[in-house]
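The values are calculated or read from the model by the stated rules, or taken from the named source; none is laboratory data. This is a predicted model, so every value here is computed, not measured. So basically every Cβ, Gly included, is an ideal-geometry build from the backbone, and we count neighbours across all protein chains shown.
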Amino acid sequence: MPITPQMAQSVPSVFAETGALNCQPSSPFLLMAHPGSAMVVTEGLKSPTWVPAINLFRLSPGVEHVATRRRGDSYPSTIQTARLEKQREGFVIIEPDRALVTDPKHLPAGASPGAYIREYQTYDRRTGLEGKCYREVWDVQVPTRSPNDPPKWKFDKGAYNRWVVSLLEAGVIPGPDEYARNEFKMHAARWAAEQHNIDDPSKRADKVKATQAGLKTLETATVVGAA
């Protein structure tokens, strides 16, 4: 149902009635992984695990080789060059129609199985822009004071981590290579050393203990696919 400015101003429940969100439209996106990136995740997992950083590539026309769609153009043709450029940079694109999120353990409570990208109708009361916005399935909308308020979100990190690890186990995305893992450990050790410079002696011991525990986690984290 189209929303007119008059409706948005005069009917307090228009957003509740249409299901639209009071926010600006956004472009679709792709998730990508790179073997040269590394991090250790723990939330929602049985043990700390090495994973590549997952990048969200927003497919905004006119930005990073994404073409503006003209009459007669297919949508895939507008993003083909952008996809190729990212692949040349070493990224592995996680295809939304192939890397489906179907396991209940990989979904937030109440979310339906399907692609990792979810579409919402939007109407921005401030600008009058109507359209669609796109968010990850792990973005869970939280209650606001009024349906007319801009939406608020929380991210289900546990379900997301389990999904990423499942992609590693299935060979859909590459795990971080040894160089990336060692580089991450080096930066973490450098950061940990800087944390020892604490003026308050009563806090220094606890901080040192916490940073040492963090470094140990990196050394013992699971490398998916390692022999």
Could you count how many residues in the range 1-50 are aromatic (Phe, Trp, Tyr) and modelled with pLDDT under 95?
1
Assess whether Trp138 counts as being free of Cβ contacts under 8 Å to residues at least 40 places away in the same chain and under 18 Å from the mean Cα position of the chain (by Cα).
yes
Complete set of residues in the range 121-135 that are among the basic types (Lys, Arg) and within 22 Å of the chain's Cα centre (by Cα)
Lys132, Arg135
Considering the range 143-169 alone, what residues qualify as being assigned to a loop (DSSP other than H, G, I, E, B) and buried (at least 20 other Cβ atoms within 10 Å of the Cβ)?
Asp156
List pairs: first in the range 47-76 and more than 28 Å from Gly175 (Cβ to Cβ), second aromatic (Phe, Trp, Tyr) and at pLDDT below 95, Cβ under 8 Å, 6+ apart or cross-chain?
Arg69/Tyr75
Check whether at least one residue in the range 18-32 is in the same structural domain as Thr127 (by TED's automatic domain parsing), in a strand (DSSP E or B), more than 14 Å from the chain's Cα centre (by Cα) and closer than 26 Å to Asp177 by Cβ, and report yes or no.
no
Return yes or no: is Val66 at pLDDT 95 or above and assigned by TED's automatic domain parsing to the domain that holds Val40?
no
